[in-house]
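The values are calculated or read from the model by the stated rules, or taken from the named source; none is laboratory data. Quantities reported herein were computed from a predicted structural model and do not represent experimental measurements. Methodologically, a virtual Cβ is constructed for each residue, glycine included, from the backbone with ideal geometry; neighbour enumeration extends over all protein chains shown. We work out accessible area using only protein heavy atoms, side chains counted, and drop any ligands, DNA or RNA first. Shrake-Rupley method; radii C 1.70, N 1.55, O 1.52, S 1.80 Å.
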Amino acid sequence: GAGVSQSPRYKVAKRGQDVALRCDPISGHVSLFWYQQALGQGPEFLTYFQNEAQLDKSGLPSDRFFAERPEGSVSTLKIQRTQQEDSAVYLCASSLRREVSYEQYFGPGTRLTVT
Amino acid sequence: EDQVTQSPEALRLQEGESSSLNCSYTVSGLRGLFWYRQDPGKGPEFLFTLYSAGEEKEKERLKATLTKKESFLHITAPKPEDSATYLCAVTTGANNLFFGTGTRLTVIP
């Protein structure tokens, strides 16, 4: 069946531009997560949604980062006034159940390069 | 502070040469340990979840085991297509997975 999809796959932004990254989770999955992965590192947690509710945003690095999931399905991660340190791969994952101990399925990621 | 350490950072094996990858963790109240495989330019692919010490799971040439301090991913008779980065992650019931930095496995034909 269809997995998690993300768009765009690649994004180049000039410093100071705003960007929006989209995630389409697996249909019916309750939980949705955003992670940031720097080169050669493991993914790092950004934020978590249970349906449309954003229950945890403790990993968002600054108030320039904003995420939403208004109808409990598609999610958008927005980064305002991008900086070079925002360059990374942004991964979205979804899970069938609410419990974080249940397996998460990842999308292919969006590689963001800020020049 | 929660920590997940994977070793070695990189591993080169000849095809057919079995080995193990290690994931050691220090967390308060482990609720689950996950193994993922990640190919270049792709997102992590789920392999296994382990919940309690003594648990083992197998899939093709891979076998994951869990103790109270660490997990091993055993690779039996690896093939070149097993080349990838293997990531270990833990959850303590907080709203996220906490990942290690991965082991980059290369299997040489």
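Being at pLDDT 95 or above and among the small types (Gly, Ala, Ser), is that true of even one residue in the range B:30-37?
Checked against the condition, which is being at pLDDT 95 or above and among the small types (Gly, Ala, Ser), the range B:30-37 yields no hits at all.
Is the range A:23-32 home to any residue that is open to solvent by 40 Å² or more (accessible area, probe 1.4 Å) and within 9 Å of chain B (Cβ to nearest Cβ)?
No - not one qualifying residue is present in the range A:23-32.
I want to confirm something. Restricting to the range A:103-115 and keeping residues that are under 14 Å from the mean Cα position of the chain (by Cα) and in a loop (DSSP other than H, G, I, E, B), which single residue is surrounded by the fewest Cβ atoms within 10 Å (Cβ to Cβ)?
Of all residues in the range A:103-115, those under 14 Å from the mean Cα position of the chain (by Cα) come to A:104-112.
With in a loop (DSSP other than H, G, I, E, B) added as a condition, the list becomes A:104, A:107-109.
Working: A:Gln104: 27, A:Gly107: 24, A:Pro108: 17, A:Gly109: 26.
Looking at the filtered set, the residue picked out is A:Pro108.
Each row is one residue, and each column tells you yes or no for (1) open to solvent by less than 50 Å² (accessible area, probe 1.4 Å); (2) on the phi < 0 side of the Ramachandran plot.
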position	(1), (2)
B:Leu33	yes, yes
B:Asp39	yes, yes
B:Gly43	yes, yes
B:Thr49	yes, yes
B:Lys68	no, yes
B:His74	no, yes
B:Thr85	yes, yes
B:Gly93	yes, no
B:Leu105	yes, yes
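In this structure, does A:Val100 turn out to be of a type in the set (Val, Ile, Thr), part of a strand (DSSP E or B) and surrounded by 15 or more Cβ atoms within 10 Å (Cβ to Cβ)? Let's see the steps before the verdict.
Values: of a type in the set (Val, Ile, Thr): yes; part of a strand (DSSP E or B): no; surrounded by 15 or more Cβ atoms within 10 Å (Cβ to Cβ): yes.
Spelling it out, it is not the case that A:Val100 is of a type in the set (Val, Ile, Thr), part of a strand (DSSP E or B) and surrounded by 15 or more Cβ atoms within 10 Å (Cβ to Cβ).
From the list A:Gly72, A:Gly16, A:Gly59, which residue is open to solvent by 10 Å² or more (accessible area, probe 1.4 Å) and under 26 Å from B:Thr85 (Cβ atoms)?
Working: A:Gly72 fails: under 26 Å from B:Thr85 (Cβ atoms); A:Gly16 fails: under 26 Å from B:Thr85 (Cβ atoms).
Answer to the selection: A:Gly59.
Does any residue of the range A:40-52 turn out to be more than 9 Å from every other protein chain (Cβ to nearest Cβ), open to solvent by less than 50 Å² (accessible area, probe 1.4 Å) and among the aliphatic types (A, V, I, L, M)?
no
Tally the residues that are within 14 Å of chain B (Cβ to nearest Cβ) and either in a loop (DSSP other than H, G, I, E, B) or within 19 Å of A:Asp24 (Cβ to Cβ) (or both), restricting the search to the range A:70-97.
Going through the range A:70-97 one residue at a time, the tally reaches 9.
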